Amino acid sequence: MKITTVGIDLAKLVFQIHGVDERGKVSVRRQLKRAEMSSYFVNLEPCLIGMEACGSAHYWARKLEGYGHTVKLMAPQFVKPYVKTNKNDVADAEAICEAVSRPNMRFVAIKTVEQQAILSVHRARQGFVKARTAQGNQIRGLLSEFGIIIPMGIRSVMKQIPDILEDGENALHGFEGDLDEHHHCNLHNGWRYDGLAWAQT
């Protein structure tokens, strides 16, 4: 019988697939290595394919759609109720296959390469902002151990650090060279870069 619906449990190296025919009878239940995915689905008659919207899902959705298949992505929490046994790759693929065929299922829109690229830039920027904030708070915490208090905010840190390093009467006198060298090392290693300078709020 012709396979009409396939559920794929995505992974980095080995993928589990579960396919059924128009009557809902299991037609295929097998593992595919990453290198076998393209050759398998390019030779499979067009069908409905379901996947969880997780890592690499949008890539595979675009690729499989290019082979003529209809691909639907679902949030993992909407697939979970269809898992019949203990959670494993085989059970997950079967649950995905069943969930994608439900008429009232909520699906996730497949992102284009451009949309994913923009999101990646935003995520990377958020990571830099988080790391910058964390180091600013670390500096404030370390200086408070020496009785030097800096107000909250990265601007306050950037504004007061030069004066603190030049102050010959505070507890850090004699260490300012090491601190300044470490500060410039951080700038050199990527804290200050085009579009996200330390001084930016």
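Every read-out reported here was derived from the displayed coordinates using simple, explicitly stated rules and does not represent laboratory data. What you see is a predicted model; the values in this text were computed from it and never measured. Here the Cβ positions follow ideal geometry from the backbone for every residue, glycine too, while neighbour counts run over all protein chains shown.
Over all projection directions, the Cα-based convex hull of segment 3-100 averages an area of 5.5 nm².
Only lysine pairs 8 or more places apart, or on different chains, with alpha-carbon atoms under 23 angstrom apart are counted in segment 1-158, and they number 24.
Taking every DSSP beta bridge that has both residues in segment 1-143, what percent is antiparallel when rounded to the nearest 5? Don't jump to the answer; show the numbers that get you there.
Details: 14 of 23 bridges.
Antiparallel bridges: around 60 percent, rounded to the nearest 5.
Each of 47, 54 was scored by other Cβ atoms within 10 Å of its Cβ. Listed from fewest to most, they are 54, 47.
Ordering 163, 9 from the fewest to the most neighbouring beta carbons within 10 Å gives 163, 9.
Give me the dipole magnitude in Debye, nearest 20, for segment 3-100 about the Cα centre, with unit charges on the beta carbon: positive for Lys and Arg, negative for Asp and Glu. Each step should come with its number before you reach the end.
Values: 13 positive and 11 negative charges, 42 e Å.
Using only the charged Cβ atoms, the result is roughly 200 debye.
Scoring 101-107, 79-85, 89-95 by mean Cβ neighbours within 10 Å over their residues and listing the highest first yields 89-95, 79-85, 101-107.
Here the peptides 12-18, 36-42 are ranked by packing, the mean other Cβ count within 10 Å, and the order with the highest first is 12-18, 36-42. Using R0 = 41 Å, the C-beta based FRET efficiency linking residue 84 and residue 121 works out to 0.50.
Going by neighbour counts of Cβ atoms within 10 Å, the residues 62, 34, 140 line up, fewest first, as 34, 62, 140.
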